[in-house]
1. By how many degrees, 0 to 90 and rounded to 10, does the Cα axis of helix A:10-22 deviate from the longest principal axis of chain A?
2. Only residues of segment A:65-103 count here: report those whose backbone N is under 19 Å from the spot 7 Å along Cα→Cβ of residue B:141, or say none.
3. Let's test the formula: R0 of 60 Å, r as the Cβ-Cβ distance of residue B:284 and residue A:83. What FRET efficiency results, to the nearest 0.05?
4. Skipping prolines and chain starts, which residues have an amide H placed within reach, meaning under 5 Å, of the one on residue A:152, given they are 5 or more residues away or on another chain?
5. Could you give the nm distance between label points at residue B:327 and residue B:52, where each point is 7 Å from its Cα heading toward the beta carbon?
6. Along segment A:99-106, what does the Karplus equation 6.51 cos²θ - 1.76 cosθ + 1.60 (θ = phi - 60°) give for ³J(HN,Hα), rounded to whole Hz, x for Gly and Pro?
7. Can you compute the helix-only [θ] at 222 nm over the protein assembly as shown? Use -39500 (n - 2.57) per DSSP H run of at least 4 residues, normalise by all residues, nearest 500 deg cm²/dmol.
8. Once label points are set 7 Å from the Cα along Cα→Cβ at both residue A:133 and residue A:59, what is their separation, rounded to one decimal in nm?
Amino acid sequence: MNTFFLIRNEKEYRIANNIIEKRNQGGVIMLSISDIRPYLTNQCAYLKNVSQWEDFDIIDLSLSRFWLKNYKQIEGIVQKKAEGFYQNEMARSPYFILGLVWHAGDTYYKYIDALNIFFKKHRPQIVYFNPKDNFFSKLVISFMKAYGTKHGFLTL
Amino acid sequence: MSVKNVLFLVRRSDKISIRRYLLVARQLEKLNIKSCFMNISESPDVIKETAKELNLDMGYFPEYGMDSYRICRPLELLNSFIYRLKRTLFARDRYAVKVISNDVESISPDNANFSELLEILNFDTDFIVTRYYEESYPRWSFYVKRASDKVKQIKPDYIVYDLEMHSEIRSFLYAAKKNSVRIISMQHGEGFGIEYANIPRLADYYIAYSPWNVENIKMLQVEDKNIFLTGMPDTDEIYDYSSEKIREEFLLRYNLPLNKKMILVALRPASADGYIKINTQLIEDIGAVFGNNPSYEILIKLHNSDYITGNRFCYKNARYSNFKVIDSDYSFSKLLKISDYMITHLSSCVVDAALMGVSTIVIDFDDSGIVPDWNSYGVFNKIASSRLAETLTDIKNNRYSFKTANEARERFITRFRFKYDNNAARRIAEVIQSCDVGVKA
């Protein structure tokens, strides 16, 4: 059973260990996250039994050039929307749109792509994590719903 | 058309680009073509300093003209402040995803393409498109207006740029287009790699530094007649280097007598956490073997773009008596000329090392970038990071054999540097003089 714990700090790490101990759950995986970009970080990887995202096919996203490699694809998505909204020629020019593609790809899409790789390949059945009212938490919850993953909270 | 005036755009360009511009400007002067530097948001001193490093005659700068374009700075700061404030107060990013409600039947994301995946996740692309417009367009139109004024004032025949990532540069290019000024791209670094194949064509003409670079520019659907294979001006800079002269200069600047074995360590840019991490690790690993060793001097070279970020906090661990941190703006080629070996992660500095005949250890590291086929020529030793300590110990004990593939080295240099003949900058200047005629790649 693929059970993952997404922890932000040592406090959540302790709670995660308590849950694991209480429920006698073996084979669980702990990974660290952050509420600021690049979100999928290894900030708690120094703690015992906390894995690195690299072991789950996610490279350091601060180095990702997703927007550049997928330029056409991103352009295709945002340009369609921009055409409806950007009324003047100056905003529709490729000189301006390049900035939009970069922004969409680097601020949002690369994290969607990374989480999709993770969910598709590792099929988590339960993810324990405490969501906050921010982009990253909503994204993780959306992925969990899309992949039919159950949600557990990190509470004692 | 007779070319009289060329405008070079500088915006967070690293010193390599500025050096290239200046070397070309010197050649343009010989052809009676004026060069002007539009230094956007930076101090004009950067260009003056670089000219001094190249021993270029500063006397001609006043007549060449150098303009600064710093008007956007206060606006930029204000905009950035408002952006951060809104981000912190309202966490507006959270609206980008609307979590799927439980009663909606979930569609399988397994075979979805990226567009479909966004729909499945209820990701709101409208939100980011409109938000980007709200936040960026006022600044953009302001830049365009200012750039247009500058273009009309300077009346350049060509505008040359190196990096299309900054909106100030792109707005300038847009203004140039609208004013019928033709645009020349002198790409940054090695030139476009495969990853750039899909970005839009923003220039009329492309200077290609190598046959490898030509192949990648063609992927942008640029016609052959608009690509000019010239070689890389940086190679002109090192053509006449004398080791003795560099040693004297180095002694003066860093107070280091060069009578030991020199190991050059070329770091990745300190612009991303991931790079800072591998740089720190590399210094630590080298320190464990060579730290305080009186027979070796370790030259830790900051990446040439680090002068922009000024980021060097991560190199506190370069604490050994025989470790010297070399400023980002110091010429990398000069360091190669006085080094016995180089240790680095995979980057374009392996080509410079091959050109200068410096034995190189490359540590394998996947940074998700698509690098050229450098490795297939066998001109450097590539090792896994787990083998670094063992390799360094072998070097220290003179047990390590470096690759010396001379024939492959020639092919390697031709593919990635075209020619090494002290004429690359001259060829670029001639291209600028005769773009209308066209020189086929």
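1. That works out to roughly 50 degrees.
2. Flagged as within label range: A:82-100.
3. E between residue B:284 and residue A:83, to the nearest 0.05, is 0.70.
4. When sequence neighbours closer than 5 places are left aside, the close amide H contacts are A:127, A:128, A:129.
5. About 0.8 nm, to one decimal.
6. Ordered by residue, 3J(HN,Hα) equals x, 5, 4, 4, 4, 4, x, 8 Hz.
7. Calculated mean residue ellipticity at 222 nm is -13500 deg cm²/dmol.
8. Simple spin-label model gives 3.7 nm for this pair.
Each value in this text was obtained by applying a stated rule to the coordinates, not by laboratory testing. The structure displayed is predicted, hence computed values, not measured ones. Methodologically, a virtual Cβ is constructed for each residue, glycine included, from the backbone with ideal geometry; neighbour enumeration extends over all protein chains shown.
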